[in-house]
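What follows is a single structure, written as structure tokens, with notes after it.
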Amino acid sequence: MSSINNRPLGVFDSGVGGLTVAHAIKQILPDEALVYFGDTAHLPYGDKSEGAIVNYSRRITDFLLEHDAKLILIACNSASASAYSILRKEYGNRVILLDVISPVIEYIVEKKYSRVGVIGTKRTITSGTYEAGFKRKAPETGVVSLATPLLVPMIEEGFIFDDISNAIIRSYLSDKKLDGIQSLVLGCTHYPLIRNQISKFYNFDIDVVDSARVVALKLRHILEKNKLINTGEEPTEDRFFVSDYTDYFEKIAGMFFEGGNINLTVADIWN
Ligand code: DGL
């Protein structure tokens, strides 16, 4: 019989964004199996209401528990901002939940920057979750945040490293609000896919921080602390689910995992 240690890590996002974190997890914890859910039927989350995202997140959490997840990572800033505290209250006695916002705030606080920029979806930015987190942990840090809603549809449509994405990125990052920042937090798990273009805008002069590696390291710490690390005795396959099939999800997941040969299933959990 399989022990809890050998059960998979549940990870979810609205689409491909969470794959950036899932990929970092596999690099740091290669013996852990993943069960990933991309809610492509509801993408993008960033322009949805808090209530809608909470409902999606609850249903996905149930799905991941049905698939034996030993821990659930909300690999989406919009869902972390909207649903993390509610899911912890509702599911905290059954499963460990982790968000992608708190580990990044902890990481940045250590750096003692005086002025930090945050970009993210409308949902994440209007929730004020980053500002509130910095205010609690490092009130002396000046935080400026900017919603950059075109970036997720742009990435999901495959506009990366081209003139269109360059123009959009340049237009957002030229906002005066962001002048003088020492660090820019990519407050959306999709944005690591355009991280180089963003760093290039700043001539690689500022610290561009994404959640992928920071969250994967935090996850390893939590697994170790709770004695949940997989012993590697029964390596199981990573499984990927989407609520609606898209070529793009398959392409990006294939780029990140299993030499392109991913186990992808459409799970129509909304009907
Ligand atoms: N990758 C997600 C985030 O971190 C979701 C973006 C979206 O679906 O709008 O916010």
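Laboratory data are not the source of any read-out in this text; all were calculated from the coordinates shown. Note that the structure is predicted; figures quoted are calculated from it, not measured. Positions of Cβ are backbone-derived with ideal geometry, glycine not excepted, and every protein chain shown enters the neighbour counts.
Which value in nm describes the separation of the simple spin-label points at Ala132 and His221, placed 7 Å from the Cα toward the beta carbon?
If labels sit at Ala132 and His221, their model points lie 2.2 nm apart.
Say the dipole of the stretch 1-134 comes from +1 at the beta carbon of Lys and Arg and -1 at that of Asp and Glu; which of Ser78, Thr124, Ser114 then lies farthest toward its positive end?
With unit charges placed on the Cβ atoms, the residue in question is Ser114.
May I ask you to list the residues of the stretch 180-204 whose amide nitrogen lies under 20 Å from a point 7 Å from Cα along the Cα→beta-carbon direction of Ile164?
Taking a point 7 Å out along Cα→Cβ of Ile164, the residues of the stretch 180-204 whose backbone N falls under 20 Å are 190-198.
For a quick check: sort Cys76, Cys188 by the number of other beta carbons within 10 angstrom, fewest at the front.
Exposure proxy ranking, most exposed first: Cys188, Cys76.
Note down the magnitude of the dipole of the stretch 38-184 about its Cα centre, charges +1 on Lys and Arg C-beta and -1 on Asp and Glu C-beta and zero elsewhere, to the nearest 20 debye.
620 debye
Apply the Karplus curve 6.51 cos²θ - 1.76 cosθ + 1.60, θ = phi - 60°, to the phi angles in the stretch 199-210 and return the couplings in whole Hz, x for Gly and Pro.
4, 5, 4, 8, 6, 6, 8, 10, 7, 8, 10, 10
Determine the alpha carbon to alpha carbon distance for each of Lys26/Lys225; Lys122/Lys251; Lys111/Lys135; Lys70/Lys227 and list only those over 23 Å. Present the calculation step by step, with values, prior to reporting the outcome.
Details: Lys26/Lys225 19 Å; Lys122/Lys251 26 Å; Lys111/Lys135 15 Å; Lys70/Lys227 11 Å.
Exceeds cut-off: Lys122/Lys251.
Say the dipole of the stretch 183-223 comes from +1 at the beta carbon of Lys and Arg and -1 at that of Asp and Glu; which of Gly187, Ala216, Ser199 then lies farthest toward its positive end?
Most positive-ward Cα: Ala216.
³J(HN,Hα) across the stretch 37-44 via Karplus (A = 6.51, B = -1.76, C = 1.60, θ = phi - 60°), whole Hz, x for Gly/Pro?
So the Karplus estimates, Gly and Pro as x, are 10, x, 7, 4, 5, 10, 5, x Hz.
Counting other beta carbons within 10 Å of each residue's own, what order do Met154, Met255 fall into, fewest first? Please list the in-between numbers first.
On the way: Met154 20, Met255 14.
By the 10 Å Cβ count, ascending, the order reads Met255, Met154.
Hull surface divided by four, with the convex hull built on the Cα atoms of the stretch 1-122: how many nm²?
Taking the Cα atoms of the stretch 1-122, their convex hull projects to 8.5 nm² on average.
Considering the options Gly142, Tyr45, Ile262, tell which one lies farthest towards the positive end of the dipole of the chain, charges being +1 on Lys and Arg and -1 on Asp and Glu at the Cβ, about the Cα centre.
Gly142
Show log10 I(q)/I(0) for the chain at q = 0.07, 0.08 Å⁻¹, two decimals, from a solvent-free Debye sum over equal Cα scatterers.
The Cα Debye sum returns log10 ratios of -0.23, -0.30.
To the nearest 20 debye, what charge dipole does the chain have about its Cα centre, counting +1 at the Cβ of each Lys and Arg and -1 at the Cβ of each Asp and Glu?
1120 debye
Any idea what diffusion coefficient the stretch 176-271 gets from Stokes-Einstein, in µm²/s, Kirkwood Rh on alpha carbon pairs, 4 °C, 1.567 mPa s?
77 µm²/s
At 222 nm, what helix-only mean residue ellipticity would the chain give, in deg cm²/dmol to the nearest 500, using -39500 (n - 2.57) for each DSSP H run of four or more?
Helix-only estimate at 222 nm: -13000 deg cm²/dmol.
Give, in nm to one decimal, the length gained when the segment between Lys122 and Asp244 is fully stretched (0.36 nm per residue of separation minus the Cα-Cα distance). Write down the numbers at each step before the final one.
Working: separation 122, 0.36 × 122 = 43.92 nm, distance 2.31 nm.
Contour length minus Cα-Cα distance gives 41.6 nm.
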